[in-house]
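For reference, the structure is listed below as structure tokens.
Every read-out reported here was derived from the displayed coordinates using simple, explicitly stated rules and does not represent laboratory data. Bear in mind the structure is a predicted one, so any value in this text is a computation, not a measurement. Every residue, glycine as well, gets a Cβ built from its backbone with ideal geometry; the counts of neighbours run over all protein chains shown.
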Amino acid sequence: MFKFFKFFLLLALISNLELKAENVTQDQPKVVENKFLTEGKNDAALFFQKPQSGIMHEIVKTHNIIMIVMSVIFVLCCALLLFLVFAFYNVKTLHHEEIQNHTDLTIKVIGHQWYWTYEYTEDKIKFDSYMKKDEDLIDGDKRLLSVDNAIYVPVGKNIKILVTADDVIHSWALPAFGVKKDAVPGRINETWFRADEEGVFYGQCSELCGILHGFMPIEIRVVSDEKFAEWKKDAQSKFAI
Ligand SMILES: [Cu+2]
């Protein structure tokens, strides 16, 4: 990079000296034939007409140098951007988003107008999850986010999510987990996450799916293994398939 600036400075210095010398000795710069852009292409359609004065020769010469320098900078910047965006960041993240080593629990998510159905296929549990109405809210609930039946997952475990829909396209999005998958009828999309901490987290449908699109939130409770086992036992009697 330093060499490049050195070259540029030298170029500017030489041009300046040339101009000074010419100013002293003659009225206008001496004519230097420049064939790079003009030879054989002087019909003025794509390029300039053939220069007819010393000044125009100098202008064409300067233009040629700037074009070369500008092209080099453009190519270098594009290469750097591509490297940063694809090679360094995006591909790695996409890879992590798609690939998991093993699965501890699989949950199937089905989008409906306008609620979600969750299926813990291996544990034979299936239930619907609707947003709580204002009159049903209790202390600690969040208006427009809390649901009647939240999903439970154990902390620190790999959870595979299979997403599909029953009627129109929905999207199952949980910002805290970096998860957002379209729920498309007739197709099963797959994603996964592993929660680092226990807690209650919320998400929402993120694909316009009709009049109540804004009222089909997602509530997920990340709990310890023991609490998850308790919930599972309860759910197996309450929501048995
Ligand atoms: Cu929606």
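How long is the gain from Glu190 to His63 if the chain were fully straight, where each residue apart is worth 0.36 nm and the alpha carbon distance is subtracted? Don't skip to the answer; put the middle values down first.
On the way: separation 127, 0.36 × 127 = 45.72 nm, distance 5.45 nm.
That works out to 40.3 nm of additional length.
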Dipole of the range 105-238, positive direction: furthest Cα of Ile159, Ala235, Asn189, with charges on the beta-carbon: Asn189
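Assuming a ≥ b ≥ c are the square roots of the Cα gyration tensor eigenvalues, decide whether the range 114-241 counts as rounded (a/c under 1.5), prolate (otherwise, with a/b larger than b/c) or oblate. Walk me through the numbers before you get to the answer.
On the way: a/c = 1.39, a/b = 1.17, b/c = 1.19.
Since a/c stays below 1.5, the shape of the range 114-241 is classed as rounded.
What is the local net charge at Tyr118, summed over the other residues whose Cβ is closer than 15 Å to its Cβ (Lys, Arg +1; Asp, Glu -1)? Before the final figure, lay out the partial values.
Details: positive: Lys108, Lys124, Lys126, Lys160, Lys181, Arg221, Lys232, Lys238; negative: Glu119, Glu122, Asp123, Asp128, Asp148, Asp166, Glu219, Asp234.
Result for the neighbourhood of Tyr118: 0.
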Net charge of Cβ neighbours under 14 Å - reference Thr164; Lys, Arg +1; Asp, Glu -1: -1
Cα-centre dipole for the range 105-238 with unit charges at Cβ (Lys and Arg positive, Asp and Glu negative), debye to 20: 340 debye
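If I take every Cα pair under 8 Å that is 6 or more residues apart in the range 141-212, average their sequence separation and divide by the length, what percent do I get for the relative contact order? Don't skip to the end; give the middle numbers.
On the way: 121 pairs, mean separation 25.4, N = 72.
Dividing the mean separation by the residue count of the range 141-212 yields 35 percent.
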Inter-probe distance in nm under a simple model that places probes 7 Å from Cα toward Cβ, at Ile73 and Arg143: 5.5 nm
Environment charge of Ile241, counting only residues whose C-beta is closer than 12 Å and scoring Lys/Arg +1, Asp/Glu -1: +1
Extension gain, Ala240 back to Ser53 (0.36 nm per residue minus Cα-Cα distance, nm): 58.1 nm
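With a cut-off of at most 16 other beta carbons within 10 Å, and DSSP calling the residue loop, which trypsin sites (Lys or Arg not before Pro) in the range 69-171 qualify? Please list them. If you can, show how the numbers build up before the last one.
Working: sites: Lys92, Lys108, Lys124, Lys126, Lys132, Lys133, Lys142, Arg143, Lys157, Lys160; in loops: Lys124, Lys132, Lys133, Lys142, Arg143, Lys157.
For trypsin sites (Lys or Arg not before Pro) across the range 69-171 that sit outside H, G, I, E and B with at most 16 neighbouring Cβ atoms in 10 Å, the list reads Lys124, Lys133, Lys142, Arg143, Lys157.
Take the residue pairs Lys142/Lys227; Lys92/Lys180; Lys92/Lys124; Lys160/Lys180 and return only those whose Cα atoms are more than 25 Å apart. Walk me through the intermediate numbers first.
Values: Lys142/Lys227 22 Å; Lys92/Lys180 17 Å; Lys92/Lys124 35 Å; Lys160/Lys180 13 Å.
Beyond 25 Å between Cα atoms: Lys92/Lys124.
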The range 190-221 and the range 60-84: distance between their alpha carbon centers, rounded to Å: 46 Å
